[in-house]
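This report refers to the structure that appears directly beneath it.
The values are calculated or read from the model by the stated rules, or taken from the named source; none is laboratory data. Being a predicted model, the structure only gives us computed values, none of them experimental. When we count neighbours, we look across all protein chains shown, and the Cβ atoms used for this are built from the backbone with ideal geometry, even at glycine.
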Amino acid sequence: MPASAIKKLCLIGHLLLAAASWASAAELQHIEPLRALKQSGGKWCQPASVKVVHTGAPATVTVRIADSVSQRLELIDGEQTLEVQVPAGAETTAVPVLIEPASGEVLASQNILLKPVPRLMVYLLPHSHTDIGYTEIQTAIEKKQV
């Protein structure tokens, strides 16, 4: 085989590899931790909103946070906002967020700054209100209510 044909085949091979790597891409556009906590699996987690732009065919990826927490997600072509759970911390920490397909390569990565969130207990109390005397005189309403 002549040297020029080998060079052409090598060039075509490089172009095909480059096209394959551009065929599917993901970009982390914005990550925002929410100022809330929730229990998940017996552990306190902080929800975070992750805005991802994905180009290419739908893909199943793993969102890995700080090498300890991971979630499997379905990425579709275009822009989407996902909610992921990050471990709640007691101090301000920069944590890496990675998007990895099944092959294990990193499609996108970005650091997220997690600040401590106070643990609050919220009590909900049902309440109703009746305007006595609005529809009838107060004594008639009192007879209906009591």
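Can you report the number of residues in the range 85-110 which are of a type in the set (A, V, I, L, M, F, W, C), part of a strand (DSSP E or B) and out of contact with any Cys (no Cβ under 9 Å at 6 or more places or on another chain)? So that I can check it myself, show each step before the final result.
Initially, the range 85-110 is screened for residues of a type in the set (A, V, I, L, M, F, W, C), giving 86, 88, 90, 94-95, 97-99, 102, 106-108.
Okay, now just the ones that are also part of a strand (DSSP E or B), so 86, 94-95, 97-99, 108.
Narrowing the set further to residues that are out of contact with any Cys (no Cβ under 9 Å at 6 or more places or on another chain) leaves 94-95, 97-99, 108.
Result for the range 85-110: 6.
Residues in the range 81-92: is at least one touching a Lys or Arg at 6+ places or on another chain (Cβ under 9 Å), without any contact (Cβ under 8 Å) to a residue 24 or more places away in the chain and at negative phi? Even if it seems obvious, please write down each step before you answer.
Filtering the range 81-92 down to residues touching a Lys or Arg at 6+ places or on another chain (Cβ under 9 Å) leaves 81-82, 85, 87-89, 91-92.
Filter once more, so that each one left must be without any contact (Cβ under 8 Å) to a residue 24 or more places away in the chain: none.
Looking for residues that are touching a Lys or Arg at 6+ places or on another chain (Cβ under 9 Å), without any contact (Cβ under 8 Å) to a residue 24 or more places away in the chain and at negative phi, one finds none in the range 81-92, hence no.
Which condition number does LEU113 fail, the rest of (1) under 16 Å from LEU37 (Cα atoms); (2) free of Cβ contacts under 8 Å to residues at least 40 places away in the same chain; (3) assigned to a strand (DSSP E or B) being met?
(2)
Go through the range 34-84 and report how many residues are in a loop (DSSP other than H, G, I, E, B) and of a type in the set (Val, Ile, Thr). Steps first, answer last, please.
Going residue by residue through the range 34-84, those that are in a loop (DSSP other than H, G, I, E, B) are 34-37, 41-42, 56-58, 66-68, 76-77.
Next, only the ones that are of a type in the set (Val, Ile, Thr) stay: 76.
Final tally of qualifying residues: 1.
Got a number for residues in the range 94-116 being surrounded by 12 or more Cβ atoms within 10 Å (Cβ to Cβ) and over 18 Å from the mean Cα position of the chain (by Cα)?
Qualifying residue count, the range 94-116: 1.
Check whether at least one residue in the range 60-76 is at pLDDT below 85, exposed (fewer than 12 other Cβ atoms within 10 Å of the Cβ) and touching a helix residue (DSSP H, G or I) at 6+ places or on another chain (Cβ under 9 Å), and report yes or no.
No: the range 60-76 contains no residue that is at pLDDT below 85, exposed (fewer than 12 other Cβ atoms within 10 Å of the Cβ) and touching a helix residue (DSSP H, G or I) at 6+ places or on another chain (Cβ under 9 Å).
How about the range 64-83: which of its residues are more than 15 Å from HIS54 (Cβ to Cβ) and not charged (D, E, K, R)? Don't jump to the end; show me each part of the working.
Kept after step one, since they are more than 15 Å from HIS54 (Cβ to Cβ), are these residues of the range 64-83: 64-71, 83.
ILE65, ALA66, SER68, VAL69, SER70, GLN71, listed by residue number.
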